[in-house]
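The values are calculated or read from the model by the stated rules, or taken from the named source; none is laboratory data. Remember, it's a predicted structure, so these values are computed and weren't measured experimentally. When we count neighbours, we look across all protein chains shown, and the Cβ atoms used for this are built from the backbone with ideal geometry, even at glycine. Remember, those area values only see protein heavy atoms, side chains included, never the ligands or the DNA or RNA. Shrake-Rupley method; radii C 1.70, N 1.55, O 1.52, S 1.80 Å.
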Amino acid sequence: MKLITFEGIEGVGKSTQINLIMDWLSEKGFSVKLLREPGSTDFGEKIREILLSKESNISAHTELLLMFAARSEMVSSYMFDSKHDFILCDRYFHASIAYQGYGRKLSLNFINHLIDGIDCPIPDLTIIYDLDVTAGFKRKKDDVIDRIESSGIEFFEDVRKGYQQLAIERKEVELIDASQEIELIGEQTKNLVARLL
Ligand code: TMP
């Protein structure tokens, strides 16, 4: 099984690219499992509702730990002994480093301990779609904004910097410029995934 994860701030076009890769791999005859974080298990989806609800008045640490509670369920339910050729995951632990580490300013050391502590498999490939924060939100202007999306431009500037830093520091991470034409982004995404075939 190969694990590919997709990351980026709001409005980068992640879902479009995930669907494209899902179809592309399926057409080639590979079995593909699609997951999303937070979520993917019954319990994880309940946690997702709490995390995204504007009625949840929770601290940054609670937010982090709930992300990892959902993640722990997903990892133990799907990531060990998978019979699928590929797992595609819409966000994974890199999001906790970018959002809760760089965005909420929680300890990166603590987050890395949580990643190790719940035995998160390291992805074979993590693609981060990079886009100017204002441009991202412009693309989402008609959507209902959830609790995390209401965190403000400065927060998302920090999250974006976090993702850019991860692309420098971690060898599984590749960055794609999401301001390009969708078709070009699709080609670049496929080229990265093709390395794993
Ligand atoms: P989305 O995947 O539908 O965009 O919603 C998930 C939200 O949760 C998104 O704003 C990013 C955020 N998030 C974190 O803050 N930390 C995490 O570890 C994960 C997986 C997501």
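Observations, loosely collected:
- Helical content alone sets the calculated 222 nm signal of the chain at -14000 deg cm²/dmol, taking -39,500 (n - 2.57) per DSSP H segment of four or more residues and averaging over every residue.
- Each part gets one Cα centre, and for region 128-197 versus region 1-24 those centres are 10 Å apart.
- Calculated FRET value between I145 and E45, using beta carbons and R₀ = 30 Å, to 0.05: 0.90
- Between L3 and I87, D124, L125, the built amide H atoms are under 5 Å apart, and every one of these is 5 or more places off in sequence or on another chain.
- Candidates G44, G152, G103: whichever shows maximal mean-square fluctuation once the chain is modelled as a Gaussian network with Cα springs under 10 Å: G152
- With all protein chains kept in place, the per residue accessible area of the chain amounts to 50 square angstrom at a probe of 1.4 angstrom.
- Value of D in µm² per second that Stokes-Einstein yields for the chain, Kirkwood Rh from Cα pairs, at 4 °C (1.567 mPa s): 76
- Förster radius 22 Å - calculated FRET efficiency between R170 and D124 (Cβ-Cβ, nearest 0.05): 0.95
- Extension gain, N109 back to I153 (0.36 nm per residue minus Cα-Cα distance, nm): 13.3 nm
- Projected area averaged over orientations for region 1-72, convex hull of C-alpha atoms, nm²: 5.9
- For region 115-157, the Stokes-Einstein estimate of translational diffusion at 4 °C and a viscosity of 1.567 mPa s comes to 99 µm²/s, using the Kirkwood hydrodynamic radius over alpha-carbon pairs.
- Residues of type aspartates and glutamates that K141 reaches as a straight line, Cα spacing below 14 Å, ignoring anything fewer than 8 places off in the same chain: E10, E149
- Stretching D116 away from S76 to a fully extended chain increases their span by 13.1 nm, per 0.36 nm per residue minus the current alpha-carbon distance.
- Surface composition of the chain: carbon plus sulfur atoms contribute 49% of the solvent-accessible area (1.4 Å probe, protein chains only, all chains present).
- K28-L192 FRET efficiency (beta carbon distance; Förster radius 22 Å; 0.05 resolution): 0.90
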